[in-house]
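The structure follows.
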Amino acid sequence: MSEIILRRATASDEGNIFEWRNAAETRRYAFNPDAVAWEEHVRWFKDTLARTDRHLLIGELDSKPIGVLRYDVVNEVAEVSIYLVPGCGGRGLGTALLKEGNTWVARHLPQVTTLNARILQENVASRKSFAKAGYVESFGIFKYHIFSGTIIDGPKVKK
Ligand SMILES: CC(C)(COP(=O)(O)OP(=O)(O)OC[C@H]1O[C@@H](n2cnc3c(N)ncnc32)[C@H](O)[C@@H]1OP(=O)(O)O)[C@@H](O)C(=O)NCCC(=O)NCCS
């Protein structure tokens, strides 16, 4: 399989992200499953690109977008959110994108040591994807640990 390339979202992604975020398959297991209005999206997107504690990334495969990652950083912890571009599901790309994200964070956000994800119990595809990307569930949160820029496989981390 070709390699997934991660790049930061830019102003030109505004329309695509609006469309992908509002697709039924993206909203199905979201904590807020409501569709977002265009005006609300424009405000959110502008704010997101300006923020230094939020990192919005587009994953591309063979120069085509396949998914979106968002990392919200508070001190040494980043909360991760993922969705695939509609039509890209069912091929294991979620795991591949999350693994690229793990590496990206280790490289670009050296202060971050822990990635957290909140996933609805019934979102089996997501739970499996995070587990395969090295996240371990702890008290209902999926966690991934990074130390000193070195990526540690979740399951090998001692408690
Ligand atoms: C979550 C998401 C990224 C997963 O990506 P994906 O690559 O399409 O995941 P897959 O369909 O390949 O499924 C991953 C695994 O779960 C399994 N799976 C999927 N749906 C399942 C179900 N309903 N029951 C049991 N297993 C299921 C798949 O068989 C696969 O198993 P395998 O790895 O052993 O082969 C993608 O579904 C998505 O974008 N969902 C919408 C947004 C979302 O829910 N984001 C996460 C919020 S926390």
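A short reminder: the numbers here are calculations on the coordinates, not readings from a lab. This is a predicted model, so every value here is computed, not measured. Here the Cβ positions follow ideal geometry from the backbone for every residue, glycine too, while neighbour counts run over all protein chains shown.
Can you tell me which of 94, 59, 140 moves the most in a GNM of the chain? Springs connect C-alpha atoms under 10 Å apart.
In the Gaussian network model the winner is 140.
Here's something else I'd like to know. Counting Lys +1, Arg +1, Asp -1, Glu -1, what net charge surrounds residue 2 among other residues with beta carbon under 11 Å of its beta carbon?
Neighbour charge sum, excluding residue 2 itself: -2.
Going from the alpha-carbon gyration tensor of the chain, what semi-axes, largest first and in whole Å, does one get by taking the root of 5 times each eigenvalue?
Working from the Cα gyration tensor, I get semi-axes of 24, 18, 16 Å.
Let me ask something additional. Could you give log10 I(q)/I(0) at q = 0.13, 0.19 Å⁻¹ for the stretch 80-130, computed by the Debye formula over C-alpha point scatterers of equal weight, without solvent?
-0.34, -0.69
While we're here: May I ask for the Kirkwood hydrodynamic radius of the stretch 62-155, worked out over all distinct Cα pairs and given in angstroms to one decimal?
This gives a value of 13.4 Å.
If each of residue 19 and residue 32 carries a label point 7 Å out from its Cα toward its Cβ, how far apart are those two points in nm?
According to this spin-label approximation, the distance is 2.3 nm.
Still on this structure: Sorted from fewest to most neighbouring beta carbons within 10 Å, what does the list 103, 113 look like?
Least to most surrounded, the residues fall as 103, 113.
Continuing with this model, one more query. Assuming 0.36 nm per residue, please report the length gained on full extension of the stretch residue 50 to residue 137 beyond their Cα-Cα distance.
28.1 nm
If you don't mind, another one. Would you mind calculating the gained length between residue 8 and residue 120 on full extension (0.36 nm times residue separation, minus the Cα-Cα distance), in nm to one decimal?
Once the chain is fully extended between residue 8 and residue 120, it gains 37.7 nm.
Counting other C-beta atoms within 10 Å, which of 83, 71 has the fewest, and how do the rest follow?
71, 83
List nothing, just return the count: lysine pairs in the chain, 8 or more apart or interchain, with Cα separation under 14 Å.
Summing the qualifying lysine pairs gives 9.
How much of the DSSP bridge set in the stretch 4-156 is antiparallel, in percent, rounded to the nearest 5?
90
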